[in-house]
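Below is one structure; the comments refer to it alone.
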Amino acid sequence: MTGNTCGLRIQTQQETRTVMEIIADEAGKAPPLLAWADPDPRHVALTNDSGRRQDFEPLVQGVPSWPADLRLNEARLFWPDAALHVVARDAGGSIWTRIEETSGTEFRREAFPVHPIRDRQRFGLPDESLNTDLWAIGYRQFGRLVAWRLSIKEAKA
């Protein structure tokens, strides 16, 4: 694990758009390094052991191409110095939070490697992908984890 300090800007907003609409718009503006999503459990495949749809990969590199008919409860996009977390609201629409390393409030930045070796198929990862280049970046203030994101080939470690 490595650590230092950085400025972090955190924005939160409520939207009338769905999780999928926000993710598609934001990924179209700036292609992410990684994208992750959690589908609505009412739209999973009940005919296989995993419950996962065959046309859905929860963690992907680059711009996601998730099925348009799949409702997402939650999704995240990860860029080199930023992340977007979008969650569906029970009343409709969604709420999102964007974190971005920039000037602003100082946070302790910690980076450590993630080794998704166990149960790789559950996360939609082929055997050779994301083995050693996946990093988690945590942002702490007064010892409390405030935000996190994923990165590939962590250059600031």
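Things to note:
- With all protein chains modelled, accessible area of ARG108 [1.4 Å, Å²]: 110
- Backbone N atoms of segment 10-27 closer than 17 Å to the 7 Å Cα→Cβ label point of ASP38 belong to residues 19-20, 23.
- Remark: spin-label model distance ASP55-ALA68 equals 1.1 nm, labels positioned 7 Å along the Cα→Cβ axis.
- Nearest-0.05 FRET efficiency for PHE112 and GLN141, computed from C-beta distance (R0 25 Å): 0.90
- Accessible-area value, VAL87, 1.4 Å probe, nucleic acids and ligands omitted, Å²: 50
- Heavy-atom accessible area order for LEU33, LEU150, LEU70, LEU145, largest first, 1.4 Å probe: LEU145, LEU33, LEU150, LEU70
The values are calculated or read from the model by the stated rules, or taken from the named source; none is laboratory data. Note that this is a predicted model, so its numbers are computed, not measured. Cβ: placed from backbone, ideal geometry, glycine included. Neighbour counts: every protein chain shown. For the accessible areas, the whole protein counts, side chains as well, though only heavy atoms, and no ligand, DNA or RNA atoms are used. Shrake-Rupley method; radii C 1.70, N 1.55, O 1.52, S 1.80 Å.
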